[in-house]
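The block underneath contains the structure these notes are about, expressed in structure tokens.
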Amino acid sequence: MRIIEGNMIGTGLRFAIIASRFNELITSKLIEGAKDALSRHDVRHQDVDIYWTPGAWEQPLVAKEIALSGKYDAIIALGAVIKGDTSHNEYVAGEASKGLAIVALEHRIPVGFGIITCDTLEQALMRSGSKAGNKGAETALAALETANVLKEARTKKESKDV
Ligand code: INI
């Protein structure tokens, strides 16, 4: 039996963070969490780029362009969709999550889903650096681990092909 897993060493890995300006109060905290988590795992400052979008809705398209560039090992999508008076937020969150998942699968690149979806601003604040942790940091580490397990899986595949 072989176990293939990703380590948590970020040396040499390149990341693209996509951040929504909508609910920027939350997004900025998620970015700080993500940057901090990556640097603690030896990702160099110059290996992280940040792309801003107006909202979560626009993130899949930007993620697709980033994936096509081939410049990154993983994408980290950050933002917050908070319930409003209408059902608009449901469409935004649903399409953002679906679109980001499609980019990951079609382009075979990890896309971390760090878009908080919640009912209140307080819940979002809890998840962006207070009581309930920081979704940005959590997502960055998930992206890092997934990038590394993919590397392992691809190395194994190559050695088996030889
Ligand atoms: N975008 C968000 O990132 N979060 C939200 O909570 C949100 N809500 O609820 O409206 C939101 N809407 C904007 C959307 O992402 C687009 O930018 C907009 O519809 C223009 O295309």
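Since every read-out is calculated from the coordinates, none of them should be taken as a lab result. Here the structure is a predicted model, which means the values were calculated and not measured. All Cβ positions, even for glycine, are placed from backbone atoms using ideal geometry, and neighbour counts span all protein chains on display.
For ALA153 and TYR51, a Förster radius of 22 Å and the Cβ-Cβ distance give a FRET efficiency of 0.25, rounded to the nearest 0.05. For the chain, the spherically averaged projection of the C-alpha convex hull amounts to 10.4 nm². Among HIS41, HIS88, a tally of other beta-carbon atoms within 10 Å of each Cβ gives an order, fewest to most, of HIS88, HIS41.
Residues MET126, MET1, MET8, ranked from the fewest to the most other C-beta atoms within 10 Å, line up as MET1, MET8, MET126.
For the Cα trace of the stretch 97-160, dividing Rg by the Kirkwood Rh returns an Rg/Rh value of 1.13. Among ILE9, LEU68, ALA140, whose Cα lies farthest out toward the positive end of the dipole of the chain, if unit charges sit on the beta carbon of Lys, Arg (+1) and Asp, Glu (-1)? Positive-most Cα among the choices belongs to ILE9. Dipole magnitude for the stretch 106-162: about 200 debye, using +1 per Lys or Arg Cβ and -1 per Asp or Glu Cβ, origin at the Cα centre.
If you take all other residues with their beta carbon under 12 Å from the beta carbon of LEU78, and give Lys and Arg +1 and Asp and Glu -1, the sum is +2. Lys and Arg at +1, Asp and Glu at -1: add these up for the other residues within a Cβ distance under 15 Å of VAL92 and post the number. In short, -2.
Within straight-line reach of LYS156, meaning a Cα separation under 28 Å, sit the following lysines at least 8 residues removed in sequence or on another chain: LYS64, LYS71. Of the GluC sites (Glu not before Pro) found in the stretch 1-57, those that fall in a DSSP loop while having at most 11 other beta-carbon atoms within 10 Å are GLU5. Per-residue ellipticity at 222 nm from helix content only, as computed over the chain with -39500 (n - 2.57) for each DSSP H run of at least four residues, stands at -16500 deg cm²/dmol. Dipole size of the stretch 15-161 about its Cα centre, with +1 on Lys/Arg Cβ and -1 on Asp/Glu Cβ: approximately 340 debye, rounded to the nearest 20. In the chain, once you exclude exposed trypsin sites (Lys or Arg not before Pro) (DSSP loop, at most 16 other Cβ within 10 angstrom), what's the longest stretch remaining? Excluding the exposed sites themselves, the longest stretch runs over 132-162.
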